[in-house]
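K.L.:
I have a structure here, written as structure tokens, and I will follow up with some questions on it.
Coordinate-derived values only; no laboratory data. Because the structure is a prediction, the values reported are computed rather than measured. Glycine gets a Cβ as well: all are built from the backbone with ideal geometry, and neighbour counts include every protein chain shown.
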Amino acid sequence: MASTKKVAVVTGSNKGIGYAIVRALCQKFDGDVILTSRDEGRGKEAVKELNGEGLNPKFHLLDIDDVATVDRLHDFVQQEYGGLDVLVNNAGIAYKNSSTAPFSEQAEVTVKSNFWGTLNVCDKLFPLLRPHARVSNVSSMVSQMTIKKCSNEVQERFKDPYLTMDGLKKLMTEFVSLAKEGKHEAAGWPSSAYGVSKVGVTVMSMIQQRQFDAEGKEDIIVNACCPGYVNTDMSSHKGHKTIDQVLPGLREHRHVQPQRTQNH
Ligand code: NDP
């Protein structure tokens, strides 16, 4: 029989900000914490390091791009705990500024992981969320800068308070298609694959909250947040914050209904 113990899942937590979130949850959260990684070796090594600090996260494999691993995590959480209390969608990628990969590739690969991968995890794990559950989708302030670089028409589409998840999926698909044809700028989109992917994550979070509210779910809150500029592999260690300075200051973008005039 499933335990009634509380449980938290953090994606992409073998290093960087996700690792620090697991460490903080192990110290403060009244329940089990699952450190996930797309690579078993890196994940188990991270668990071992935390064990050395007297902390005991559990490991589970999860590649947010691989639906089979998402399914296996879902089944594990359901069987072991019968529900989910905290979900931190932290896993993400960014091409380096110096990357010579074509923009079409950067757009497709970045949106695939940061937007579609995160959405896949949510779609699969949300049915497990218990009353009072909390979901944090790690977005970025870059999304706010990026939306301002979109044409008025594209901005309006993202900011539509009645935008549905299908509508958002269409927008993200459109961006990648246009990028592949080299037509995204002419169509009002900026040349920031990471930025657009994170606009997608922030707007996704708003839609998810609206859906939970409409379904009358009991006190489930979805946030999009920005950790600030953090010293990790992603920032090539240029960020001024350490991974452990992120947590008290995780800035919420919002967990309320968006207004037409608000920025993302
Ligand atoms: P890191 O590159 O240090 O860590 C990213 C983590 O995500 C790694 O564990 C990585 O695994 C994992 N990951 C990447 N792709 C996948 C995938 N497909 N499936 C599962 N795990 C995956 O980045 P940060 O810690 O800096 O970033 C964490 C989050 O914070 C990201 O969403 C990022 O966009 C966001 N962020 C970061 C900022 C910063 O200044 N660092 C600023 C704003 C937002 P692996 O080790 O296998 O590559």
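K.L.:
Amide H neighbours of residue 129 under 5 Å, at least 5 residues apart or on other chains, H built in the peptide plane: list them.
P.N.:
Distant-sequence amide H within range of residue 129: 84.
K.L.:
Test of understanding: what is the full-extension gain from residue 177 to residue 66, defined as 0.36 nm times their sequence separation minus their Cα-Cα distance?
P.N.:
Details: separation 111, 0.36 × 111 = 39.96 nm, distance 2.17 nm.
Full extension of this stretch gives 37.8 nm more.
K.L.:
In nm, give the distance between the simple-model label positions of residue 97 and residue 219, each being 7 Å from the Cα along the Cα-to-Cβ direction.
P.N.:
4.5
K.L.:
Something else about it: Hey, for a label at residue 28 modelled as a point 7 Å past Cα toward Cβ, could you say which residues of the range 70-96 have their backbone N under 18 Å away?
P.N.:
Residues 85-90 qualify, since their backbone N sits under 18 Å from the label point.
K.L.:
Next question, about the same structure. Roughly what would the spin-label model give for residue 148 and residue 45, points 7 Å off Cα along C-beta, in nm?
P.N.:
My value for the distance between the label points is 4.0 nm.
K.L.:
Let me ask something else. So what does the Cα-only Debye profile of the range 64-189 read at q = 0.11, 0.19, 0.21 Å⁻¹, as log10 I(q)/I(0), no solvent term?
P.N.:
-0.47, -1.17, -1.32
K.L.:
Cut-off is 10 Å between beta-carbons; in what order do 189, 116 appear when sorted fewest neighbours first? Intermediate results must be reported in sequence, preceding the final value.
P.N.:
Working: 189 23, 116 18.
If I rank by nearby Cβ atoms, fewest first, I get 116, 189.
K.L.:
Between 92, 239, 52, find the one with the highest GNM mean-square fluctuation for the chain; connect C-alpha pairs within less than 10 Å.
P.N.:
Largest GNM mean-square fluctuation: 52.
K.L.:
OK, next. Provide the percentage of antiparallel DSSP beta bridges, counting only those with both residues in the chain; round to the nearest 5. Let's see the in-between values first.
P.N.:
On the way: 3 of 25 bridges.
Approximately 10 percent, going by the DSSP bridge assignments.
K.L.:
Report, in listed order, any pair from 124/149; 48/124; 149/180; 96/170 with a Cα-Cα distance greater than 24 Å.
P.N.:
On the way: 124/149 32 Å; 48/124 28 Å; 149/180 19 Å; 96/170 27 Å.
Too far apart for the 24 Å limit: 124/149; 48/124; 96/170.
K.L.:
For the chain, just list the percent of Cα-Cα distances falling in each 5 Å bin from zero outward, please.
P.N.:
Over the chain, the share of Cα pairs per 5 Å bin runs 1, 6, 13, 18, 20, 17, 13, 8, 4, 1, 0, 0 percent.
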